[in-house]
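The structure appears right after this line, and notes come after that.
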Amino acid sequence: MKISDTKKLAAVTAAFFITVTAFSGCSESANSSQTTSSVSQAAKSDIDASIAAEDIDVGYDEESSVGIKFADGSAAIDGEGATAEGETVTISQAGTYILSGTATNGRIIVSAEKTAEIKLIFNGVDITCADNAPLLVSKAKKVYIVLEDGTENVLTDSASYSLGEDDSNTDGAIFSKADLTINGSGTLTVNANYKHGIVSKDDLVITDGNINVTSASTAMEGKDSVKISGGTFNISAGTNGIKSTNTEASDKGFISVTGGSFTVVTNNDAFEAETVLSIESGSFDITTGGGSANASMKSDGTPNRNWQSNMSNGGGGPNGMGRPDDNGNGTGGDLPAMPTADNTGLTIKTTANTTTDSDSTSTSAKALKAGNEVNISGGEFKIDSADDSVHSNGNIVITGGNISVASGDNGMHADGNLTISDGTVDITKSYEGIEGAIVTIDGGTISVVASDDGINCAGGSDTGSTDRMGADQFSSQDGVELNINGGTVTVDADGDGLDSNGNFTMAGGTVCVCGPTNGGNGALDYNGTANVTGGTLIACGAVGMEEGFSDTSTQYSVLHDLGSTVSANEKLTITDSDDKEILSFTPIKTWQSVVFTSADLKEGETYTITAGSQSESVTIDGIVTSNSTGMSFGRGHGGGRGF
């Protein structure tokens, strides 16, 4: 008699003075907020992400279990509730079944009462099926797969299935029409050569295990939901990594991750939820679409016409390859070679079958993606994505975690609101760094490197360009805002540093901008007003379209153009009449125009701006002091351009 250990389910549920000696030297403001948007709470309240104790329990009574051993083209069954025909085993009664041995062309079929709960103990089982799913759950209430500690378990299908009318929708090596839970500390390897790896048409719950999936299409799918609280995952997918697909109810179609270690290599999206993608903890190493090196746009702003070549199953792309729609879908292109997860030892096999499911035509190669909301409150992330690293057709809410991304498109994009209140966001490469209709930064440490805008606020989808799936073409818009209330933000942008196609409000925090070197962009750009009431900002860029803050502000600011360009890596210092240093910054690019604001600035005080060999004085004579003669429409008094 053997009773495995039962695991317990844990409950789930000052004015600032800066001296910046290098671009990365900003430190977090003391007045950063820990707020979470009400929209976020409403979205999360629709879903039930709880995991039941029985989903974690790996205990079973060996004496009362039914033993099933595959060998020599047959299956020996010790007990009642299952029958065998050659290497095909059909389980028809509730109970616990211990599976072991090797089948070279076998299957496990669960066809029981709709009220039956069935526990499958994988105790060193290796099943290959030549023409169908190695494990098919056609009828049951719920099925548990328990990976026995220390065992290796393998399920492998072929590149084509022979399906009848009753199982015509079967498209995964593990295919369940009932709720499916995987737990235990053993290893499960799924080689899905036909289409998907692990599929549940209801809920898919994983609480433990070492799970390796190599799939021609999606690696893991739970139609109603995917809930993961633990385990180690190595995924190589021809299309998507982990997805939930139910579009019929607001409380379904979600992915919830509260723990686990993930290495994910996909041609298309890594994590895709139709409604909410919620991540509270875990470690994530994600590569999509060949990585950021396979960007849809070159750093000089011209289309990368080879962008589509590394994306799977054809699909849209720049120019003659088909225009993507608002979901990143399109037509055209040839099936390219699929990626290899060299660091996991998993290699995707290119197969001859033509998939017809929705992800077969997708050119979206986003890392974290949701239809309603992406919510990240913890976790360690390393992302290298050809498309957006974090994307929501609704909102993005970041309240924690350490997120490091390199993107061939946007670092983070929300069609709706994007809010960051805590955590670390490090965008090392992007076309545009952070984009949303309303971007609000209440706290956290944020660093952005962008070949276009660093932070861009504009309404609508970013997939409307025939040249680039993420190109933005926005003009002045109502309801568009950039709000910085706390945190530390550093931006290195070749386009606009901070760009709002509506209003910009700064009430706290510390912001350092190393802006554009061309006069067609500005370190600050806005189409409404830019009001500063608190915080510290210093932003350097080119002369031509420079803007400062609006005169409706309540904190003093300066927009000043020096007499000539300053070389990169020359220290900029701002001192008062007593030669006391108020601000300092070392931009890593050439610049000529600077905007700065601080609670330390006083009316009537004269300040000296020194950069390289240049030294110029400016006296604060109003809420906005400016000597700019650039082409910008407001030059510190509101108004801008819609680029």
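The values are calculated or read from the model by the stated rules, or taken from the named source; none is laboratory data. The shown structure was predicted, so the numbers you read here are calculated from the model rather than taken from an experiment. No Cβ is skipped: glycine too gets one built from the backbone with ideal geometry, and neighbour counts run over all protein chains shown. Note: areas computed on protein heavy atoms with side chains; ligands, DNA, RNA excluded. Shrake-Rupley method; radii C 1.70, N 1.55, O 1.52, S 1.80 Å.
Would you kindly state how much longer the chain becomes between Glu165 and Asp578 on full extension, computed as 0.36 nm times their sequence separation minus their alpha carbon distance, in nm to one decimal?
So the chain would gain 140.0 nm between Glu165 and Asp578.
What does the C-alpha gyration tensor say about the overall shape of the stretch 158-251? Classify as rounded when a/c is under 1.5, otherwise prolate if a/b is larger than b/c, or oblate. Working shown, then result.
Values: a/c = 1.66, a/b = 1.13, b/c = 1.47.
Since a/c reaches 1.5 but b/c is at least a/b, the shape of the stretch 158-251 is classed as oblate.
For the stretch 404-454, what is the accessible area per residue in Å², given a 1.4 Å probe and the full set of protein chains? Spell out each step's value before the answer.
Details: 880 Å² over 51 residues.
Accessible area per residue: 17 Å².
Contour minus end-to-end for Lys571 and Ala249, with contour as 0.36 nm per residue of separation and end-to-end as the Cα-Cα distance?
110.3 nm
Ser111: net charge of surrounding residues, Cβ under 12 Å, Lys/Arg +1, Asp/Glu -1, itself excluded?
Details: positive: Arg107, Lys114, Lys139, Lys177; negative: Glu113, Asp166, Asp167.
Taking every Cβ under 12 Å from that of Ser111, the sum is +1.
Using the structure shown, select from Lys119/Lys252; Lys366/Lys589; Lys177/Lys369; Lys195/Lys429; Lys227/Lys429 the pairs with a Cα to Cα distance greater than 27 angstrom.
Values: Lys119/Lys252 25 Å; Lys366/Lys589 30 Å; Lys177/Lys369 25 Å; Lys195/Lys429 33 Å; Lys227/Lys429 31 Å.
Too far apart for the 27 Å limit: Lys366/Lys589; Lys195/Lys429; Lys227/Lys429.
Determine, from the Cβ-Cβ distance of Ala53 and Ser261 and an R0 of 25 Å, the FRET efficiency 1/(1 + (r/R0)^6), rounded to the nearest 0.05.
About 0.65, to the nearest 0.05.
Could you go through the stretch 608-618 in sequence order and give the Karplus-derived ³J(HN,Hα) for each residue, using 6.51 cos²θ - 1.76 cosθ + 1.60 with θ = phi - 60°, rounded to whole Hz, and x for Gly and Pro?
10, 9, 10, 8, x, 8, 9, 8, 9, 10, 9
Set the Förster radius R0 to 51 Å, insert the Cβ-Cβ distance between Ala130 and Glu63 as r into 1/(1 + (r/R0)^6), and round the FRET efficiency to 0.05.
On the way: r = 35 Å, r/R0 = 0.69.
After rounding, the FRET efficiency stands at 0.90.
What are the aspartates and glutamates whose alpha-carbon lies under 15 Å from the alpha-carbon of Lys223, with same-chain residues fewer than 8 places away excluded?
Asp48, Asp171, Asp179, Asp202, Asp203, Glu248, Asp251, Glu272, Glu274, Asp357, Asp359
Which whole-Hz ³J(HN,Hα) couplings does the stretch 570-576 yield from phi under the Karplus relation 6.51 cos²θ - 1.76 cosθ + 1.60, θ = phi - 60°, glycine and proline marked x?
8, 5, 9, 10, 10, 10, 8
Give me the distance between the Cα centres of the stretch 215-281 and the stretch 552-570, rounded to whole Å.
With the stretch 215-281 and the stretch 552-570 each reduced to a Cα centre, they are spaced 46 Å.
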